[in-house]
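Visitor: Sharing a structure below in structure tokens format, with a few things to ask.
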Amino acid sequence: MEFVLQLCPVGTIVTLYTEPGNEMNFWGRQLAYVVLPDGTYLNDLLIQNGYAKAASEYYCKELSRYQQENWTSKLEKRGLYTLSEIFQKYILKWFLHLTF
């Protein structure tokens, strides 16, 4: 949340672009490209910094690029991916505890 608030504080006016036929997801959340006042896409920044990934179940003309950017973020352990090893170790310990 802090990352997003640094980029667009409360009250920032953004522009939303949707792709025809994919305006909402299964849970009723709006799907859109979010353009910041400087022309930067918030979607790109979130994915590049490891705070989001594109869901392949919805059409997105940028999907292949977003998947590549997500892979890079994961390899470079950016954002939430910094926690992935800690999380995996915790889950493994928990699982081993249950099986013995």
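The values are calculated or read from the model by the stated rules, or taken from the named source; none is laboratory data. All of these numbers come straight from a predicted model, not from anything done at the bench. Neighbour counts run over all protein chains shown; Cβ positions are idealised from the backbone, glycine included.
Visitor: Can you tell me which residues in the stretch 46-67 are under 10 Å from the mean Cα position of the chain (by Cα), in a helix (DSSP H, G or I) and free of Cβ contacts under 8 Å to residues at least 40 places away in the same chain?
Guide: Of the residues in the stretch 46-67, the ones under 10 Å from the mean Cα position of the chain (by Cα) are 46-55, 66.
Okay, now just the ones that are also in a helix (DSSP H, G or I), so 46-48, 66.
Across the stretch 46-67, the qualifying residues are 47, 48, 66.
Visitor: Give the stretch 7-41 a look and list any residue that's polar (S, T, N, Q), at pLDDT 90 or above and more than 16 Å from the chain's Cα centre (by Cα), or say none.
Guide: Answer for the stretch 7-41, where residues must be polar (S, T, N, Q), at pLDDT 90 or above and more than 16 Å from the chain's Cα centre (by Cα): 12, 15, 18.
Visitor: Those residues that are among the small types (Gly, Ala, Ser) and either over 21 Å from residue 2 (Cβ atoms) or at pLDDT 90 or above (or both), I need them from the stretch 51-78; list them, please.
Guide: 54, 55, 56, 64, 73
Visitor: Please go through the stretch 17-46 and pick out each residue that is loosely packed, with under 10 Cβ neighbours inside 10 Å and within 23 Å of residue 71 (Cα to Cα).
Guide: none
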